[in-house]
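What follows is one structure encoded as structure tokens, with my remarks underneath.
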Amino acid sequence: MATRRDFIQGTLAGLGGTLALDGPSAGRAAVAGEPAAPVTGSGGVAADPAPARTGSDVGSLYPFIHSQAVRGEFPLSYLRNEFRDTLAWKRQARGKLLELLHYAPAPCDPDAEVVERVAADGYVREKVLFNTTPELRIPAYVLIPKGLTKPAPAIVALHDHGGFYFWGKEKVVEVAGEHPSLTEFKRRSYSGKSIASELARRGFVVIAIDMYYWGERRMILDDDPADWRDRPAGIPDERVAAFNRRASQAEALVGRTIYAAGFTWSGVMFWDDLRTVDYLTKRPEVDPNRIGCVGLSVGGLRSCHLAALDDRIKAAVVVGWMASYPAQLKDHVVHTIGFTKLVPGLMRYLDYPDVATLAMPAALLVINGSRDRLFDLEGVRSCFAKLAACYQKAGIADKVRTRLYDTPHEFNTAMQEEAWDWIKRWL
């Protein structure tokens, strides 16, 4: 009777090779032209060849990952020769983006409720609750300039990620008794300014919501202590920091849980922002034909996508979030592409500047820092060139401006002044 050894040897003989089933080379087929045994190190143990250095955060896995990225122009980039009709291109590219979000909540009435009204410096601050989906009722601040006599231009102010989850909308809005840790965060990120409040004092109606997982929408676990649940005014800095660490560590689990349910975190984020515009246009103080948006970091990502997905946005400012994703792959993914921002499969069709181009004909200002280590600098420069080329192709070259400041990841006073001038120009 033929043994398993006979069967294997016979099979390999038919393939032109033999298999050494015993000794140091057991388990390796010797095919014509190959040595019968692997190279061995001391003691006869097989020695793997030293992998080539890649300089990548993912090491030896990088060459394959990089080989799968789109080379050349992305299939749905506006710069491709086949896209001559801007509106037809927008329908196709925007449709693909919406499809890949895997999230399309049913329209619903905002059913807004004002739960607080406070007189502030130059404006009235309302706290409002409204629905973005039948399941989600979210908190927002609406800032209404004092002395309005007619509908005014409006801004959606989009707060950042920053690894700081304990507050959301308060990152961009002044509130009485601001916690020292929040004040310090604003000092580092916004030159100490509350940008929504700054805009309200300049005559804009401004709305700022809590992003999902931030502020009043932060994750509270069953056994969390009272200070994390209630956010008392005197909570020590170290307790705020501890919550932020826990939230950061849990972000991947929340993301995986969302994806396991069949939708995307980015979908929730972008649709909440779209529904915010729905609510904003219903406000009697707002001119619905003059709406803009602005944000830093993930707020910049949100600003970009809101303008890309909603033609009611006439001017957008994207700060600290412009990157060519193929250029990010080697060593810039770790702090930039997380579950909150991921749109699965999007980078098969559109690079990030292609998404930004969907904002056309809205006026678009993009600001990055040359010392912002979150982004590959040459990738940023290539994005700026692509944005200019797209707006040029559409015949509206004056409606895009890209700026590189000699700064780290921040939205400082000089950047803010340029941003407010840009918004005022177009709204």
Residue tally, condition more than 23 Å from the chain's Cα centre (by Cα), more than 11 Å from residue 173 (Cβ to Cβ) and not charged (D, E, K, R), over the stretch 113-144: 10
Taking the criterion of being modelled with pLDDT of 95 or more, over 21 Å from residue 424 (Cα atoms) and small (Gly, Ala, Ser), would at least one residue in the stretch 195-208 satisfy it? no
Give the number of residues within the stretch 257-307 that are of a type in the set (S, T, N, Q), more than 14 Å from the chain's Cα centre (by Cα) and either assigned to a strand (DSSP E or B) or over 20 Å from residue 194 (Cβ atoms) (or both). 3
Strands (runs of 3 or more DSSP E) (entirely within the stretch 49-145) containing at least 3 residues that are in contact (Cβ under 8 Å) with a residue 12 or more places away in the chain and surrounded by 15 or more Cβ atoms within 10 Å (Cβ to Cβ): 123-131, 137-145
Test: residue in the stretch 154-166 that is at pLDDT 95 or above and over 20 Å from the mean Cα position of the chain (by Cα): yes
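Here is a yes/no grid of residues against (1) crowded, with 21+ Cβ neighbours inside 10 Å; (2) of a type outside the set (Val, Ile, Thr):
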{"residue": "327", "(1), (2)": "no, yes"}
{"residue": "331", "(1), (2)": "no, yes"}
{"residue": "336", "(1), (2)": "no, no"}
{"residue": "346", "(1), (2)": "yes, yes"}
{"residue": "360", "(1), (2)": "yes, yes"}
{"residue": "365", "(1), (2)": "yes, yes"}
{"residue": "373", "(1), (2)": "no, yes"}
{"residue": "382", "(1), (2)": "no, yes"}
{"residue": "385", "(1), (2)": "no, yes"}
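Okay, residues lined up against (1) within 28 Å of residue 319 (Cα to Cα); (2) within 26 Å of the chain's Cα centre (by Cα); (3) not small (Gly, Ala, Ser):
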position	(1), (2), (3)
192	yes, yes, no
216	yes, yes, yes
236	no, no, yes
239	no, no, yes
243	yes, yes, yes
246	yes, yes, yes
Out of all the residues in the stretch 340-398, which are more than 16 Å from the chain's Cα centre (by Cα) and among the aromatic types (Phe, Trp, Tyr)? 349, 384, 391
Members of the stretch 351-364 that are outside any helix (DSSP H, G or I) and either in contact with a Pro (Cβ under 8 Å, 6 or more places away or on another chain) or of a type in the set (Val, Ile, Thr) (or both): 351
Would you check which residues across the stretch 308-329 are in a loop (DSSP other than H, G, I, E, B) and closer than 19 Å to residue 73 by Cα and list them? 322, 323, 324, 329
Condition first: outside any loop (DSSP other than H, G, I, E, B) and within 20 Å of residue 292 (Cβ to Cβ). Now tell me which residues in the stretch 388-403 satisfy that. 390, 391, 397, 398, 399, 400, 401, 402, 403
Has the stretch 404-422 got at least one residue that is surrounded by fewer than 21 Cβ atoms within 10 Å (Cβ to Cβ), part of a loop (DSSP other than H, G, I, E, B) and of a type in the set (Gly, Ala, Ser)? no
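The values are calculated or read from the model by the stated rules, or taken from the named source; none is laboratory data. Predicted model, so just to flag it, every value in this text is computed and none were measured. Methodologically, a virtual Cβ is constructed for each residue, glycine included, from the backbone with ideal geometry; neighbour enumeration extends over all protein chains shown.
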